[in-house]
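The values are calculated or read from the model by the stated rules, or taken from the named source; none is laboratory data. Here the structure is a predicted model, which means the values were calculated and not measured. Cβ atoms come from the backbone with ideal geometry, glycine included; neighbour counts cover every protein chain shown. Areas reflect the complete protein model, heavy atoms only, side chains present, ligands, DNA and RNA absent. Shrake-Rupley method; radii C 1.70, N 1.55, O 1.52, S 1.80 Å.
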Amino acid sequence: MTPKTPGSRAAAEVRACRNNVAVGRLSHAAHHLGQALSHDPTFASAYAALSDLAEAAGSSDAARDLFKGDGTTVFSGNAAAIIVLIAGEGRAADAVELLGSLVAAQPERPWAAAPWFSPELAASLPLISIGKAVTAVWQAIDNPAPPETMMPLAPWLALARIAAERRDADADLLCALSALARRLGAYPEAIAWCELAEKTERATGSTTQLTLIMLGYAHRDGGQPEQAIDAWTRATALRPTNADLLLDLVDITYDQGDFDQSLSWAERAAAADRSGVKARAALLAARYRASRQAHEGGDVAQLTALIELALAHPDESYLAMCVSRACHDATWLQTVPPPTEAVTLTFGHLTEIEESGQGKVTGVRSHATSLEAPTPTSLLHTRFPRSTLAVPEPSDPDPRIPVRTEFGPPLWTYRGTEATATVPPPSPEAVDLVHHVASGVWADPLTAFDRASAFTTLDSADLLGLLAHMPPPREPSWVNLQREHPLYWERFAQAWVCLGILHHHVEEPWPRSTRRTLLLRLLFGPEDWTVDAAAFALCVEAWRNPGRRAEIADAVSRRYLHAAQAVGRRPTALHDPLAHVVLICPGIDPKTVRLARKTLAARQGSAVVDDTEQPRTSMLRKWARRKER
């Protein structure tokens, strides 16, 4: 059976309309005609049938009444019919205004296909009618307009082009036309029309702030940020207390990387709107970003206040954007620190041998200068079962020994220098779930927490099983990235799972909860990737629940201070990522923060550790490029 198309459905409704007209059932005929236009606004026969219906009704007024229904709700096809009848009465200005309202309700539908509508109408219609119709359309569509609306709205852009050429086009109309044009990708015209609007106003001796604001938007969307900043800066001189305009300047200067100037605009916005949460959020984000420039980790008080504000106003999308902006490209806040263990390089080298066709690795013996984290070592043995890794006995503090065990047995146990997981592998369902959740980097800790709620369905055995037996990546962009940065996805996925633990049995009171016990069990376990991943999850919990900050800060501090004892005594891959958690965790004692910052600076300034910032940024960019392909 041939599937019905919009055109075939419209044709069937038109036939039903004509049949009802023939027997005098005009209300039924109007119903079918409205359905025909709803199915396919481009169906020419529907408009011809409407003329016949109007003739049978005796007048255009009488025909319009047939489409009004009960007077409370007029469906889109009926509204289109009414507009056609109004246009047929010679009331083109009214018809264009009404059509603009209909397009605004359903911009993806080709309502401008009605035979009475033509872009050439713009040459003779009153300016106010064009402005009302175009404004209704541009205010209803996203910026930029979704691809599915570009074709239906093309006639409106053609109308705008003709209207812009009119000698009597005023600044208000030109700005409205520009707003439509930039949403439809016609950036040069959007800029030109706003420039003409400013010129028109200047000729009268006064430039309005609105014209300069719209000019700034046209430049911004057209990829000319410096010109946008210039236009908006000039606009602020006309009304310095326009907080929304000041926030636009905060945003665009931030996007340009001018964090000092962004902070300056944010301070002005907050002064102009002292009670506004948007201005407050912009100021906190700008202050935190500027503090990150000053020292590692930034001023956590600014970040904490920003997160608290966003949590208090969950429906304010601008606040969520400010949180993401503040966290951009920051360790843990947006990116998980990459692995630094030598065993990851061994993993990558052996994988490259097999994938390049050089043969299957049947056995390899490696020597390491120090004991490394059990997670990557276990992943190496899982992928290459016949590989052996010889390592010397570690120096104190012994990384194999859990710091505390009252929260449960450690995830890893040792026989000599060989680590073994104490939990069984996860279920297939858990493996599928971690691949679904850990498919991309998070924008900030709050969005990561929300996405990790998917792990609610897993029991504690599966959660721990994933941490100890993490599967390899499936998503092509991660698989490709894995070739250059081995085992990064597994480390990244462990952080997701620890965030998922925060959603485990949330009905349990925190002090006696399974989620608290599991995270502290991991935090105080042997040195491993799961230690700092658990610390970060606890940090997120501290942001979300101020009443738990003191306990969490104490636990994270104690674990860090224990890890810091290894610095200068033996190699440690745990210190730096855990120190980065300390720098962003609310409530940490300032002395501990200073120690973490000082030790990080000393290690990064020496040959003790490699600089991981460049690889981390490089990984993100490569992952993003591959994700887009």
Once you keep just the Cα pairs under 8 angstrom separated by 6 or more residues, what percentage relative contact order results for the chain?
8
Tell me, what ³J(HN,Hα) does each residue in the stretch 329-346 have, in order and in whole Hz, if you take phi through Karplus 6.51 cos²θ - 1.76 cosθ + 1.60 with θ = phi - 60° and put x for Gly and Pro?
6, 9, 4, 6, 5, 10, 10, 7, x, x, x, 10, 5, 5, 5, 5, 5, 4
With only helices counted (DSSP H, runs n ≥ 4, each -39500 (n - 2.57)), the per-residue ellipticity at 222 nm for the chain, to the nearest 500, works out to -20000 deg cm²/dmol
Post the alpha-carbon centroid distance, the stretch 539-558 to the stretch 335-362, in whole angstrom.
36
Let me check against my output: what whole-number percent is the relative contact order of the stretch 206-340, with C-alpha pairs under 8 Å and at least 6 apart?
14
Label corresponding to percent of Cα pairs over 37 Å apart when calculated from the structure given, among (1) 45; (2) 53; (3) 57
(2)
The stretch 80-109 to the stretch 406-436: how many Å between their Cα centroids?
65
Could you order 517, 369, 5, 236 by accessible surface area, starting with the largest, using a probe radius of 1.4 Å?
369, 5, 517, 236
To the nearest 20 debye, what is the magnitude of the charge dipole of the stretch 246-302 about its Cα centre, counting +1 on the Cβ of each Lys and Arg and -1 on the Cβ of each Asp and Glu?
240
Just to confirm the filter: which trypsin sites (Lys or Arg not before Pro) across the stretch 110-179 are DSSP coil and have at most 16 other Cβ within 10 angstrom of their Cβ?
166, 167
To the nearest 10 degrees, how steeply does helix 529-544 sit against the main Cα axis of the chain, on a 0 to 90 scale?
50
In Å², what does the accessible area per residue of the chain work out to with a 1.4 Å probe?
44
Whole angstrom only: what separates the Cα centroid of the stretch 276-319 from the Cα centroid of the stretch 499-537?
26
Computed over the chain: longest principal axis from alpha-carbon atoms vs helix 209-221 long axis, angle to nearest 10 degrees, is 60
Sequence-distant residues sharing a close amide H with residue 412 (under 5 Å, placed H):
422
Quick query: amide H of residue 364 versus all other amide H atoms, modeled in the peptide plane; which residues come in under 5 Å with a sequence gap of 5 or more or a different chain?
387, 388
Along the charge dipole of the chain, pointing to its positive end and built from +1/-1 on Cβ of Lys, Arg, Asp and Glu, which listed residue (587, 116, 7) has its Cα farthest out?
587
Angle check, please: helix 44-57 long axis (alpha carbons) against the longest principal axis of the chain (alpha carbons), in degrees 0 to 90, nearest 10.
50
Heavy atoms only, probe 1.4 Å: what % of the accessible area of the chain goes to carbon and sulfur, would you let me know?
52
To the nearest 20 Debye, how big is the dipole of the stretch 396-555 about its Cα centre, given +1 on the beta carbon of each Lys and Arg and -1 on that of each Asp and Glu?
140
Using θ = phi - 60° and the Karplus form 6.51 cos²θ - 1.76 cosθ + 1.60, what ³J(HN,Hα) does each residue of the stretch 319-324 get, whole Hz, x for Gly and Pro?
5, 4, 5, 5, 5, 4
Contact order normalised by residue count of the stretch 55-195, Cα under 8 Å, 6+ apart, percent
21
With the dipole of the chain worked out from charges on the C-beta (+1 for Lys and Arg, -1 for Asp and Glu) around the Cα centre, which of 47, 69, 506 lies farthest toward the positive end?
506
For the chain, just give the cysteines left without a disulfide-compatible partner, judged by no other Cys Cβ under 4.7 Å.
17, 175, 194, 322, 327, 498
Quick one: which residues, 5 or more positions from residue 335 or on another chain, have an amide H under 5 Å from its amide H? H modelled 1.01 Å from N in the peptide plane, none for Pro or chain starts.
330
